[in-house]
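See below for the structure under consideration.
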There are 2 protein chains.
Amino acid sequence: MQIKEILALNPEEQQIEVKGWVRTKRGQSALSFVSINDGSTINNIQAVMDGEKIPEELMKKVSCGACVAVKGKLVASAGSGQNVEVLAEELIIYGEADESFPIQPKKHSLEFLREKAHLRFRTSTFSAVFRIRHALSYAVHQFYHERGFFNLHTPIITASDAEGAGEMFRVSTFEPNKAPLTEDGEVDFKEDFFARETSLTVSGQLEGELGAMALSKIYTFGPTFRAENSNTTRHLAEFWMIEPEVAFNDLKDNMNLAEEFIKYVINAAIKNCQEDLAFLDTRFQNENKTKPQLERSEHTLLEKLDFVIENDFARITYTEAIDILLASKPHKKKKFKFPVEWGIDLQSEHERYLVEKHFKKPVILTDYPKEIKAFYMKQNDDGKTVAAMDVLFPGIGEMIGGSQREESLTKLKTRMAEMEIDEENLWWYLDTRKFGTAPHSGFGLGFERLVQFVTGMGNIRDVIPFPRTPGNVEF
Amino acid sequence: MQIKEILALNPEEQQIEVKGWVRTKRGQSALSFVSINDGSTINNIQAVMDGEKIPEELMKKVSCGACVAVKGKLVASAGSGQNVEVLAEELIIYGEADESFPIQPKKHSLEFLREKAHLRFRTSTFSAVFRIRHALSYAVHQFYHERGFFNLHTPIITASDAEGAGEMFRVSTFEPNKAPLTEDGEVDFKEDFFARETSLTVSGQLEGELGAMALSKIYTFGPTFRAENSNTTRHLAEFWMIEPEVAFNDLKDNMNLAEEFIKYVINAAIKNCQEDLAFLDTRFQNENKTKPQLERSEHTLLEKLDFVIENDFARITYTEAIDILLASKPHKKKKFKFPVEWGIDLQSEHERYLVEKHFKKPVILTDYPKEIKAFYMKQNDDGKTVAAMDVLFPGIGEMIGGSQREESLTKLKTRMAEMEIDEENLWWYLDTRKFGTAPHSGFGLGFERLVQFVTGMGNIRDVIPFPRTPGNVEF
């Protein structure tokens with residue numbers, strides 16, 4: 001039985017067995033109080049160890065980080081912070097931990113724990129984060145399954161570049177600097193494993209569209225990659241993305257799906273992770289106090305989550321957003337670092353103004369200038385904009401990017417030619433417009449940004465088990 | 001509303017709208033019968049199109065592969081094979097498909113459809129396969145979630161080699177043949193994206209163990225990679241693997257978990273995919289008839305599935321398996337291609353004999369010679385074997401490979417030294433044995449092999465949307 005279940009039992013002096021890792025030990029050899037955690041819950045169970053029952057020799061081996069099994073009676077507890085505790089009758093030491101165990105019971109910085117990512121699961125903060133990550137992940141599958149979507153496993157290794165502009169990781173079985181050459185002295189990719197130049201995918205969207213053009217409703221949930229040299233709190237080289245794609249959906253349906261989806265998974269976390277969220281809420285508020293007045297959040301973590309599920313997202317066009325920005329104080333007072341005018345790619349400072357100052361809630365921006373968006377987005381009748389949408393979140397920025405897709409073969413080919421995108425490489429994508437094309441829409445949600453928002457963790461490296469960033473590939 | 005839902009309605013001449021792709025069209029322009037499918041179900045809905053209501057001009061555009069919307073009344077049907085059909089009042093053509101559409105209503109070979117993997121979702125066979133794949137995938141998450149496991153997203157790009165011997169794909173941002181060199185003339189990996197030599201993971205197990213040593217019960221479900229030049233019906237270069245890892249589980253617990261898991265997900269498919277399985281069962285039986293007598297399955301697909309969930313798996317040690325093989329007819333009559341003796345890595349022919357001839361059911365083989373297994377497996381007291389387990393399935397071979405893990409730091413280090421595995425690279429793995437080590441076990445299930453077994457598809461390339469094999473990376 002796991003500690004989560006044991007803590008929910010009625011104490012009736014029943015025999016139980018607790019297995020887990022020692023968090024703290026207080027008292028003397030005559031009477032010790034040992035708190036044990038097995039990761040099933042944020043709560044520890046207290047084992048009371050009487051020197052008359054547990055040999056001193058064994059007791060000495062009980063220290064922070066050690067792995068133990070305790071057999072004994074479950075009784076009501078007054079002092080442990082829980083309703084129950086266990087009176088130890090037998091103690092087994094699975095594994096000791098000496099004082100070099102890095103996660104001693106004191107405050108560790110997140111940076112320090114990142115260096116110990118293999119052990120940080122044993123802290124309250126990180127075990128809470130990864131339990132919530134699981135709850136969100138499960139809610140993702142539930143949401144789509146309940147609505148008749150099929151999970152499609154799109155390929156990771158690819159010969160195409162979905163975004164038309166991504167910085168991609170190369171995949172090869174060539175020895176470095178020993179690739180065979182053609183007669184012309186070029187690298188002979190025909191000799192490589194796939195007989196082609198290949199990379200890690202930046203998105204499963206194009207393949208997802210192939211699925212939606214037959215199964216109607218699909219979603220992907222897999223790793224995607226960016227070889228960008230970004231050392232920020234919001235970027236990873238390897239991250240997980242959820243990409244639904246739906247036949248017959250237009251941009252409005254797409255916005256509705258995105259909003260319903262985000263609310264559903266946040267609601268699932270609130271319902272299923274109360275104790276973990278309460279812990280992270282306290283953490284969030286404590287951290288908030290250490291910040292300069294101007295950067296402090298007005299709300300607690302739980303208030304922020306409630307706010308999202310209880311309010312409609314603002315929905316405005318890019319053009320309206322530019323008007324708001326042009327009329328804004330920071331623009332008039334020249335406080336924005338980057339200029340504002342129709343056609344710009346909105347900068348983080350602009351998005352933050354819209355979301356955090358103007359609307360004070362999530363905002364869905366639509367109908368961006370076609371020049372700053374991907375080739376596959378549906379061209380609007382104005383000839384200038386495309387049916388794109390970005391969902392912007394306070395503190396996070398872009399959580400979702402999506403669009404209605406261009407279903408007209410002619411328009412798609414024209415746009416590809418304008419953007420110098422090779423048709424030959426995407427013959428299969430174009431085929432879906434040639435044979436039974438249909439209106440369809442989809443989006444991509446960066447899963448780690450969602451986990452960041454829900455857990456209140458400031459750095460994206462702290463919400464994925466083993467983050468990959470420039471220069472970091474340990475574990 | 002999707003066709004699956006419409007087909008379940010009571011026909012009351014209510015107005016409905018059907019959207020989907022045309023499978024067939026019969027009749028004349030005066031009265032046509034058009035079957036439409038949207039991928040939500042294996043069943044088509046029939047639309048009856050009266051020339052007096054639907055303009056001939058439009059009707060001409062209705063052909064196999066076209067995408068249409070039909071508005072009209074839902075009525076009882078006598079002839080369509082379904083309970084209901086729709087009397088069309090309005091027809092919208094979203095996308096035409098001329099006769100060059102490759103998936104015309106006739107029999108196509110699986111090989112042909114593999115070349116058209118972007119369109120094969122529109123066939124009955126492949127839409128059934130991918131709906132079942134989804135159902136299995138969802139059941140995987142359900143199974144572990146219900147049992148208190150946490151889904152852990154282990155890294156895809158890695159600097160370590162989990163199996164100690166895998167053929168791995170290299171990941172790099174170096175231009176081919178243009179990697180910078182150190183002063184010694186070696187490739188200077190410090191200049192690469194991660195400042196290390198990196199590859200695609202062959203398994204999430206080692207990182208999964210890190211999670212289990214704190215959260216107790218975790219599972220992974222992600223892509224894994226093998227750069228092996230295997231052109232078989234059972235191998236892919238990119239495939240999805242499910243890897244649970246459980247603290248405090250021994251080998252027997254591990255076997256119980258594996259058996260319960262497989263039965264659960266197969267049962268879920270039987271319950272939730274009846275129509276798709278019935279279709280694939282017929283397909284399986286038809287294909288079976290075309291095979292030579294000796295290769296024919298004695299059972300239908302559904303019988304095979306029922307058999308697995310209703311019977312205990314056989315459980316024997318490797319040593320017992322060798323004894324059975326040595327006493328077998330094919331061995332005595334020298335029909336095995338490969339020799340049988342204690343210490344060999346069992347060949348496919350040996351596994352098939354055990355599973356298909358001797359036990360006639362799934363077999364769990366345990367306690368393999370340590371020489372043929374990975375460094376991390378728990379060393380048995382006999383000094384010769386390790387606490388490994390393979391689950392072998394009829395027609396599939398190895399479905400699962402797993403083990404109890406060696407939890408003793410000393411034994412693990414000794415074995416690593418014997419096998420010349422670099423300790424330095426795995427310092428974080430060894431740390432889990434240094435600080436609070438615990439008995440623990442886990443296994444990996446190749447998801448595509450499971451889908452193969454459940455769908456009865458003979459080639460693994462037909463159960464993953466876009467297969468990656470040597471020389472194949474299209475789509």
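The values are calculated or read from the model by the stated rules, or taken from the named source; none is laboratory data. Values in this document were obtained by computation on a predicted structure and should not be read as measured data. When we count neighbours, we look across all protein chains shown, and the Cβ atoms used for this are built from the backbone with ideal geometry, even at glycine. Each accessible area value is taken on the protein alone, full model and side chains, heavy atoms only, with ligands, DNA and RNA left out. Shrake-Rupley method; radii C 1.70, N 1.55, O 1.52, S 1.80 Å.
Tell me the Kirkwood radius of chain A: reciprocal of the mean inverse pair distance over distinct alpha-carbon atoms, in Å.
Kirkwood hydrodynamic radius for chain A: 25.5 Å.
Given label points at 7 Å from Cα along Cα→Cβ, what nm distances, shortest first, separate B:Glu424 from the same residue in every other copy?
Relative to the other copies, B:Glu424 has label-point distances of 4.6 nm.
Tell me which trypsin sites (Lys or Arg not before Pro) from segment B:104-149 have a DSSP coil assignment and no more than 12 other beta carbons within 10 Å of their own.
Those that pass, being in a loop and sparsely packed, are B:Lys106, B:Lys107.
Which GluC sites (Glu not before Pro) in segment A:366-445 pass both tests, a DSSP loop state and at most 14 other beta-carbon atoms within 10 Å?
A:Glu420, A:Glu423
Tell me, what HN-Hα J-couplings in whole Hz come from the Karplus equation 6.51 cos²θ - 1.76 cosθ + 1.60 at θ = phi - 60° for each residue of segment A:359-372, using x for Gly and Pro?
Values, residue by residue: 8, 6, 6, x, 10, 9, 9, 10, 6, 7, x, 5, 4, 9 Hz.
With each run of n ≥ 4 DSSP H residues scored as -39500 (n - 2.57), what mean residue ellipticity at 222 nm is computed for chain B after dividing by its residue count and rounding to the nearest 500 deg cm²/dmol?
Result for chain B: -9000 deg cm²/dmol, rounded to the nearest 500.
Quantify how strongly other chains surround peptide B:224-233 by giving the mean number of their Cβ atoms within 10 Å of each of its Cβ atoms.
1
Can you check what the net charge comes to around A:Tyr138, using other residues whose Cβ is under 13 Å from the Cβ of A:Tyr138 (Lys, Arg +1; Asp, Glu -1)?
Residues close to A:Tyr138 contribute a combined charge of +2.
Any number yet on Rg/Rh for segment A:128-272, C-alpha, Kirkwood?
Value, to two decimals: 1.07.
From the label point of B:Asn267, set 7 Å from Cα along Cα→Cβ, how far away are the matching label points in the other copies, in nm, ordered shortest to longest?
List, nearest first: 3.0 nm.
What Kirkwood hydrodynamic radius, in Å, does segment B:222-289 give when the mean of 1/r is taken over all pairs of distinct Cα atoms and then inverted?
Computed over segment B:222-289, the radius equals 15.5 Å.
How large is log10 of I(q)/I(0) for segment A:328-475 at q = 0.10, 0.13, 0.15 Å⁻¹ when the intensity is taken from the Debye formula with one equal scatterer per alpha-carbon?
Taken in order of the listed q values, log10 I(q)/I(0) reads -0.49, -0.79, -0.96.
Over all alpha-carbon pairs in segment B:3-95, figure out the percentage whose distance exceeds 20 Å.
23 percent
So what are the ³J(HN,Hα) numbers for segment A:122-127, from phi and the Karplus equation (6.51, -1.76, 1.60; θ = phi - 60°), rounded to whole Hz, Gly and Pro as x?
Per-residue couplings from phi come out as 8, 9, 4, 4, 6, 5 Hz.
To the nearest 10 Å², what's A:Lys333's accessible area with a 1.4 Å probe?
Rounded to the nearest 10, the figure is 130 Å².
In Å³ and rounded to a whole number, note down the convex hull volume per residue for the Cα atoms of segment A:86-206.
It comes to 270 Å³ per residue, whole-number rounded.
Peptide B:11-20: average number of partner chain Cβ atoms within 10 Å per residue?
The mean count of partner-chain Cβ atoms within 10 Å per residue comes to 1.
In what sequence, largest accessible area first, do B:Thr385, A:Thr317 appear using a 1.4 Å probe?
If we order B:Thr385, A:Thr317 from most to least accessible, we get A:Thr317, B:Thr385.
Taking every pair of distinct Cα atoms and averaging 1/r, then inverting, what Kirkwood hydrodynamic radius in Å comes out for segment B:68-155?
17.4 Å
Enumerate by residue number the GluC sites (Glu not before Pro) in segment B:289-355 meeting two conditions: DSSP loop (anything except H, G, I, E, B), and at most 14 other Cβ atoms within 10 Å of the site's Cβ.
Passing sites in segment B:289-355 are B:Glu298, B:Glu341.
Express as a percent, rounded to the nearest 5, the fraction of DSSP beta bridges in segment B:44-115 (both residues included) that run antiparallel.
Of the beta bridges lying entirely in segment B:44-115, close to 75 percent run antiparallel.
If we count every other residue with Cβ under 14 angstrom of A:Arg170's Cβ, Lys/Arg +1 and Asp/Glu -1, where does the sum land?
-4
Please list A:181-187, B:269-275 highest first by mean number of surrounding beta-carbon atoms within 10 Å per residue.
Packing order, densest peptide first, comes out as B:269-275, A:181-187.
Report, as an integer, the average count of C-beta atoms from other chains found within 10 Å of each Cβ along A:179-189.
That works out to 1 on average.
Restricting the count to DSSP beta bridges whose residues both fall in the protein assembly as shown, what percent are antiparallel, rounded to a multiple of 5?
Percent antiparallel among DSSP bridges in the protein assembly as shown is about 90.
Mind listing the label-point distances from A:Ala76 to the same position on all other copies, shortest first, one decimal in nm, points 7 Å along Cα→Cβ?
In ascending order, 6.7 nm.
If one computes the Cα centroid of segment A:171-219 and of segment A:299-367, what distance in Å separates the two points?
38 Å
Compute the convex hull volume of the Cα atoms of the protein assembly as shown, divide it by the residue count, and report the result per residue in Å³ as a whole number.
Enclosed volume per residue, from the Cα hull, is 207 Å³.
Sort B:Lys335, B:Lys370 by heavy-atom solvent-accessible area, probe 1.4 angstrom, most to least.
B:Lys335, B:Lys370
Bin width 10 Å, alpha-carbon pairs only: give the P(r) of segment B:229-388 as whole percents, running from 0 to the bin holding the largest distance.
Pair shares across the bins are 8, 27, 38, 22, 5, 0.
What does the charge add up to near B:Phe239, with Lys and Arg as +1, Asp and Glu as -1, over the other residues with Cβ less than 9 Å from its Cβ?
Cβ neighbours under 9 Å give a net charge of +1.
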